Amino acid sequence: MRLRILACALALAAPLAIPTLFGAGCSLPSSDVDGGDLLGVFDRDASAADAAATDAGAKDAGRKDGGAAPVPALSATAAAKPVTRPPTEGSCVAVDGLPDRDIKRTLGRPPCPGSEVLEWKDAAGAPRYACVITPKGIETRAPVPLLVFFHDAGDNPRSVDKETALRKLAARFDLTGDPAHAGFIVLSPQGRALHGNREGAMFDVDYTGEDNVDVATTDHFVSVLTTRGHVDRRRIYAVGAGHGGHMAATYAMMRADRVAAFATYGSDAPRAAWSCPGPPPPAFVMYRACDQIAPCASVERWLRARDAIAAETTGLRLGAANGEEPSCAIDKKCTKIVGTALHRRWPKGREEDLLRFLSRHTLSVAP
């Protein structure tokens with residue numbers, strides 16, 4: 001399927017859809033496109049339906065509950081029908097790199113207020129942790145979707161609460177189209193303090209072997225939750241910020257038999273390369289026009305590469321204030337200080353765009 005870049009402010013304001021330019025063979029927008037040129041503006045996928053759903057959800061959230069459910073559900077979109085893909089059999093990521101076992105220090109339990117903390121020992125004997133945010137009334141809602149959130153380098157699982165609105169949305173956002181199963185679980189594994197990195201906790205994204213301890217650790221925590229019967233196995237998604245976005249993409253590709261789709265923010269191409277004939281899992285990619293860690297042009301090279309292998313991808317290029325931008329920022333205007341600060345700032349308030357994309361993708365799984 002073609003690569004879709006969401007439009008800038010025009011797509012949010014105009015009732016008419018902006019024509020897609022990719023079908024006409026136009027290149028992806030980049031820093032060489034004038035910001036005032038409409039060639040840098042691409043269509044927003046189902047923008048009218050999404051806007052209507054958002055407005056309806058906001059109005060519903062303001063009403064008192066009539067007793068049907070404890071919390072009114074926010075629906076992704078009534079018009080969107082999920083696309084179900086079969087699980088990819090076998091490994092589609094060639095083994096590359098070497099495992100990083102050079103641990104600087106052992107990390108303790110992460111601070112997860114109001115969340116469950118899962119604990120496990122990985123193959124190296126190191127204690128591993130994950131925070132789990134579960135919506136209230138899970139016993140009656142289950143099964144519900146699962147979002148595996150990978151934090152950025154130097155951060156920890158608490159970034160889900162500190163930087164994103166995912167906890168609030170997890171309580172009532174309907175990813176399934178069935179209000180009886182509204183809400184979702186958030187699983188946030190903690191990385192390791194690898195010696196070669198000064199930023200603290202991070203994931204080993206440069207090694208794609210099956211014995212990658214971060215992949216195995218995530219597998220274990222996902223299995224714990226699925227064994228409880230709370231997880232809709234058709235709707236497991238990987239999400240990550242910055243370095244964690246590389247991990248989300250890597251995990252989704254290495255586990256294409258269990259991850260329906262993934263989403264990243266501030267991340268360019270991961271080291272993991274897709275090797276199967278069919279396309280890799282669908283992706284929603286949010287990035288900044290000005291970013292010194294994951295430069296806009298670098299992200300868009302990844303988007304073009306995914307488009308070349310028919311990988312369904314929706315890109316959302318953001319400015320400093322989380323509004324859409326028509327092109328990458330000019331280098332002289334994107335200083336190191338500004339570009340680094342913007343990279344670190346998760347686009348809070350754009351999570352519903354991400355969730356709407358994920359809601360349109362499911363995986364066919366055996367009973």
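What follows draws every value from the coordinates through simple rules; no lab data is involved. Remember, it's a predicted structure, so these values are computed and weren't measured experimentally. So basically every Cβ, Gly included, is an ideal-geometry build from the backbone, and we count neighbours across all protein chains shown.
Give me the percent of DSSP beta bridges within the range 236-354 that run antiparallel, rounded to the nearest 5. That works out to approximately 5 percent antiparallel. Take the Cα of T106, go 7 Å toward its beta carbon, and the backbone nitrogen atoms of the range 114-132 under 14 Å from that spot belong to 120-129. Modelled spin labels at A321 and R304, positioned 7 Å past Cα toward Cβ, are 3.1 nm from each other. Relative protection proxy for 275-281, 161-167, from highest mean packing down: 161-167, 275-281 (other beta-carbon atoms within 10 angstrom). Placing R0 at 30 angstrom, the Cβ-Cβ distance between K348 and S275 gives a FRET efficiency of 0.25 after rounding to 0.05.
Taken along the Cα-to-beta-carbon direction at a fixed 7 Å, the label points for T340 and E89 span 5.0 nm.
Quick one: if the Förster radius is 45 Å, what FRET efficiency do D96 and D178 give, using the C-beta to C-beta distance and rounding to 0.05?
Given R0 = 45 Å and the Cβ-Cβ separation, E is 0.65.
Once the Cβ-Cβ distance of E119 and D331 is raised to the sixth power relative to R0 = 41 Å, the FRET efficiency obtained is 0.35. With respect to the cross-link table entries K162/K336; K81/K168; K136/K162; K104/K332, which display a Cα-Cα separation exceeding 26 Å? Among K162/K336; K81/K168; K136/K162; K104/K332, the Cα-Cα distance tops 26 Å for K104/K332.
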